[in-house]
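Report on one structure; see the data block that follows.
The values are calculated or read from the model by the stated rules, or taken from the named source; none is laboratory data. All values reported here derive from a predicted model rather than from experimental measurement. All Cβ positions, glycine included, derive from the backbone under ideal geometry; neighbour counts span all protein chains shown.
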Amino acid sequence: MALRRIGLLGGGQLGRMTIEEARKYPSWFAVLSPDFPSPGADLADEVVIGDLMDPEAVLDLGGRVDVVSYEIEHVSVDALKELESRGIPVLPGSAVLERIQDKGLQKRLWDEAGLPQAPWTDLPDDLAALPPADRAEALRSRAGRVGGFPVVQKLRRGGYDGRGVRILSSPEDEPLPGPSFLEAKVDFSKELAVVAVRAPGSVPAAYPCVEMVFDPAANLCDSVRAPADEPPEILESALHTALACVEALDRAARAASPGGAGAAGVFAVELFLTRDGRVLVNEAAPRPHNSGHFTQDACAASQFEQYFRILAGLPPASIEQFRPARMLNILGAPGASGTPEYEGLAEALAVPGVTVHLYGKREVRPYRKMGHLTAVADTPEEAALRAEAARSRLRVLGS
Ligand code: ADP
C-alpha cells in the first residue's frame with residue numbers, strides 16, 4: 001500500500017515528533033517552515049522555506065504532496081481553502097481551522113452546541129482607541145453582562161501561551177488592543193485537557209483526561225498529570241464534553257464546507273474544573289498538544305502516531321493508557337542564551353521510568369520550551385517523584 005505523502009505547515013516540535021513516530025512506516029513528509037534548520041524541518045524529506053501566512057508558500061507545499069496538515073494554527077486559511085478547491089485534502093478541514101483561529105467564533109460554536117463555558121460578550125473592535133471615559137463605560141457595561149469585575153479580556157486572534165489574554169480588575173484597566181471579547185473570570189480548581197482522535201467519517205475517541213499545571217513565571221503549561229486525579233464522574237464529564245466539542249467542530253465545518261475533511265485529525269480540548277465541580281470548555285486546538293505528550297511513553301500509541309495515521313489514510317490506533325504518567329516541560333534556564341547545552345542529561349536519564357524528548361532547537365532562551373520529559377510508574381505519586389527528580393538534575397544552559 002502506498003501511503004500518502006504528507007505536507008506539514010510549521011517547523012516546530014509537534015511536526016518533529018510526528019515525523020519521528022511516522023518513521024516506523026514508509027512515510028514521506030514535506031515541511032513548510034519559516035526557517036531552516038528547525039525542529040520539524042530537520043527530519044523532513046523535503047523542506048519549503050516560507051512564511052506560513054504566505055499563500056504562495058502554502059500552495060507550493062500543497063503541490064508537492066497528497067495531503068496537507070498544520071502543526072500550528074497561525075497559517076493562511078485562504079491558501080488551505082484554495083488547496084481544497086484544487087482537490088488536495090486538508091486535514092483537519094480549513095473550515096475547522098477558520099473556526100478555531102477566531103476564539104470569538106469558537107465561543108459561539110460552544111454556545112450553539114449547548115456546551116458549558118464561561119459567560120462571555122463581544123467588545124467593540126476599537127475599544128483600546130476610545131477616549132478613556134468611553135472605554136471605561138464600555139467595559140463597565142460589558143463586564144456587567146458576564147457577572148462583573150474581574151473579567152478576562154481575550155483577543156480573538158493570534159494569541160498563544162497566554163499572550164492575548166488579560167485580566168481586567170476595573171473599568172480603568174488598560175485593555176489589549178485589537179478585536180476581542182470579555183469572559184467571566186472562572187473560579188477554577190484545576191485546568192484539565194482531553195486529547196481526542198478522529199478519523200474521517202468516524203466517531204472520535206479520547207485519551208484519558210489529564211490535569212495541566214501552569215507555571216506562573218513562564219505562563220506556560222509546566223506539568224501534566226495523566227490521568228487527572230478526579231472522581232470518575234468528573235473524568236467522564238470532561239471526556240464527554242471534549243468529544244462533543246470535536247463533534248460540534250465537525251458539524252459546523254461540514255455545514256460551512258461540505259467538500260472539506262471536517263474535524264479529522266488530533267484535537268486537544270482545554271477545560272476548566274470549577275470549584276463547585278462543573279466542567280467548562282476553555283478552547284480547542286486542531287492538532288497534537290502539550291497535554292498529550294505523555295501518550296508517547298504511557299500509551300499503546302502516541303498522539304503523534306494517531307496524527308500520522310489519520311493523515312496517511314491509516315486507521316487510528318488504541319488510545320489505551322498503560323501506566324500513570326507525569327510530563328514536565330524542559331524550559332531554557334533563566335538567563336540562558338546561545339547554543340543549548342543539556343547539563344545533567346545523563347543523570348536525568350538514570351532515573352527509572354523517565355524518557356527525555358529534546359526538540360533540537362538551535363537556540364536557547366529563558367523559559368523557551370526546549371523539550372519535555374515523561375516519567376511512568378505504578379502510581380501517579382511515584383511518577384511525579386521520578387519526573388521531578390529527573391528535571392531537577394537537568395538544566396538547559398547556553399554557550
Ligand atoms: P492561550 O490560547 O493563549 O493558551 P487561554 O484562553 O488558554 O489562552 O488562556 C491562558 C490561560 O489564562 C488559561 O490557561 C488560564 O490559566 C487563564 N484563563 C483563560 N481564561 C480564563 C478565564 N475565563 N478565567 C480564569 N482564567 C482564565
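The rows are residues; the columns are (1) touching a Pro at 6+ places or on another chain (Cβ under 8 Å); (2) assigned to a loop (DSSP other than H, G, I, E, B); (3) at pLDDT 95 or above.
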| position | (1), (2), (3) |
| --- | --- |
| Asn329 | no, no, yes |
| Ala336 | yes, yes, yes |
| Val351 | no, yes, yes |
| His357 | no, no, yes |
| Tyr367 | yes, yes, no |
| Glu381 | no, no, yes |
| Leu385 | no, no, yes |
| Ala389 | no, no, yes |
Identify, please: which residue in region 152-164 is at pLDDT 95 or above and near the ligand (Cβ under 8 Å from one of its atoms) and is, among those, surrounded by the fewest Cβ atoms within 10 Å (Cβ to Cβ)? Val152
Has region 1-15 got any residue that is assigned to a strand (DSSP E or B), in contact (Cβ under 8 Å) with a residue 40 or more places away in the chain and either touching a Lys or Arg at 6+ places or on another chain (Cβ under 7 Å) or surrounded by fewer than 19 Cβ atoms within 10 Å (Cβ to Cβ) (or both)? yes
Select, from Ala238, Ala248, Ala217, Ala242, the only residue that is among the aliphatic types (A, V, I, L, M) and either more than 17 Å from Ala113 (Cβ to Cβ) or part of a loop (DSSP other than H, G, I, E, B) (or both). Ala217
Selection count where residues are over 21 Å from Lys103 (Cα atoms), crowded, with 18+ Cβ neighbours inside 10 Å and in contact with a Cys (Cβ under 8 Å, 6 or more places away or on another chain), scope region 166-216: 1
Would you mention how many residues in region 340-374 are without any contact (Cβ under 8 Å) to a residue 60 or more places away in the chain and closer than 21 Å to Phe322 by Cα? 8
By residue number, the members of region 324-364 that are within 21 Å of the chain's Cα centre (by Cα) and charged (D, E, K, R) are Arg326, Lys361
Based on this model, can you work out whether Gly114 counts as away from the ligand (no atom under 16 Å from the Cβ), out of contact with any helix residue (DSSP H, G or I) (no Cβ under 9 Å at 6 or more places or on another chain) and without any contact (Cβ under 8 Å) to a residue 24 or more places away in the chain? no
Residue by residue through region 261-272, note down the ones that are over 22 Å from Glu305 (Cβ atoms) and surrounded by 22 or more Cβ atoms within 10 Å (Cβ to Cβ). Leu271
Residue tally, condition of a type in the set (Asp, Glu) and assigned to a strand (DSSP E or B), over region 278-306: 1
